[in-house]
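Enquirer: For reference, the structure I am asking about is given below.
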Amino acid sequence: MTTKTTAEAWLAGRLPTDWFTGPVEVTRDRDELIIIGDLAEPELGDDTDDTDRAIAARGRIKSFREDTRERRIEIARELEHLSGRKVSWGVRVGETEALFTHLAAPVMTRLRQSERQVLDTLVEAGVAKSRSEALAWCVKLVGEKSDSWLGELREAMAHVDEVRKKGPAA
């Protein structure tokens, strides 16, 4: 599987039609494909408050996870074989999103003392339990705060990839 849409196309043909309300969203990196599908929201009265809606959404997610486990494992194994990446699942019900078991890949890095002190401060303050968790917290924070910039960077990289494919080695 080489193109960005190949996994989506394969899943469109492979997934049971009654699982999700529309096409799935596939997020990818070098190690993993995360498949997220939208589930139908539980039918509740107009006077239902946000807390009860969130509880109903979590119930719908739990039910889907349990009811589809064997089939999702089978489909994931097939897609892992085709893509060479681990496959993880998630669902969305309205504003509530849940990822099921997903990959936490180790990443090695070398940090200077001033950088390690940042991590140690987060650990000492109780924000994180370890340097590893503190680093993950930092990466998540940067990702949230610079989402538009990272999006522009990804678009530029995709454009470079397209130009590279048209080059003489193509």
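Enquirer: Within the range 151-159, is even one residue closer than 30 Å to ASP50 by Cβ and within 23 Å of the chain's Cα centre (by Cα)?
Expert: Checked the range 151-159: at least one residue is closer than 30 Å to ASP50 by Cβ and within 23 Å of the chain's Cα centre (by Cα).
Enquirer: Take the conditions farther than 25 Å from ARG154 by Cα, assigned to a helix (DSSP H, G or I) and of a type in the set (Asp, Glu) and apply them to ASP47. Does it pass? Step through it out loud before you land on a result.
Expert: Working: farther than 25 Å from ARG154 by Cα: yes; assigned to a helix (DSSP H, G or I): no; of a type in the set (Asp, Glu): yes.
In short, no.
Enquirer: Something else now. Considering the range 141-170 alone, what residues qualify as being more than 25 Å from VAL118 (Cβ to Cβ) and of a type outside the set (A, V, I, L, M, F, W, C)?
Expert: GLY151, GLU152, ARG154, GLU155, HIS159, ASP161, GLU162, ARG164, LYS165, LYS166, GLY167, PRO168
Enquirer: Conditions: (1) under 16 Å from the mean Cα position of the chain (by Cα); (2) assigned to a helix (DSSP H, G or I); (3) not hydroxyl-bearing (Ser, Thr, Tyr). ARG116 meets all but one. Number of the miss?
Expert: (1)
Enquirer: Listed residues SER148, SER132; which is among the polar types (S, T, N, Q), over 30 Å from THR6 (Cβ atoms) and either free of Cβ contacts under 8 Å to residues at least 12 places away in the same chain or outside any helix (DSSP H, G or I) (or both)?
Expert: Answer to the selection: SER132.
Enquirer: Something else now. I'm trying to understand the selection: among the residues of the range 83-100, which are part of a loop (DSSP other than H, G, I, E, B) and either under 19 Å from TRP137 (Cα atoms) or among the small types (Gly, Ala, Ser) (or both)?
Expert: GLY84, GLY94
Enquirer: What do you reckon, is ARG30 open to solvent by 80 Å² or more (accessible area, probe 1.4 Å), out of contact with any strand residue (DSSP E or B) (no Cβ under 8 Å at 6 or more places or on another chain) and without any contact (Cβ under 8 Å) to a residue 40 or more places away in the chain?
Expert: Numbers: open to solvent by 80 Å² or more (accessible area, probe 1.4 Å): yes; out of contact with any strand residue (DSSP E or B) (no Cβ under 8 Å at 6 or more places or on another chain): yes; without any contact (Cβ under 8 Å) to a residue 40 or more places away in the chain: no.
No: the conditions fail for ARG30.
For every residue, the table says whether it meets (1) closer than 29 Å to MET157 by Cα; (2) touching a Pro at 6+ places or on another chain (Cβ under 7 Å); (3) surrounded by 11 or more Cβ atoms within 10 Å (Cβ to Cβ).
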{"residue": "THR51", "(1), (2), (3)": "no, no, no"}
{"residue": "ARG65", "(1), (2), (3)": "no, no, yes"}
{"residue": "LEU103", "(1), (2), (3)": "yes, no, yes"}
{"residue": "GLN113", "(1), (2), (3)": "no, no, no"}
{"residue": "ARG116", "(1), (2), (3)": "no, no, yes"}
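Enquirer: Here's a follow-up. Take the range 146-169 and flag every residue that is open to solvent by 100 Å² or more (accessible area, probe 1.4 Å) and farther than 22 Å from ALA105 by Cα.
Expert: Across the range 146-169, the qualifying residues are TRP149, GLU152, GLU155, MET157, HIS159, ARG164, LYS165, LYS166, PRO168, ALA169.
The values are calculated or read from the model by the stated rules, or taken from the named source; none is laboratory data. Values in this document were obtained by computation on a predicted structure and should not be read as measured data. Heads up, the Cβs are rebuilt from the backbone with ideal geometry, glycines too, and the neighbour counts pull from every protein chain shown. Side chains are part of the model used for accessible areas, which takes the heavy atoms of the whole protein and leaves out ligands, DNA and RNA. Shrake-Rupley method; radii C 1.70, N 1.55, O 1.52, S 1.80 Å.
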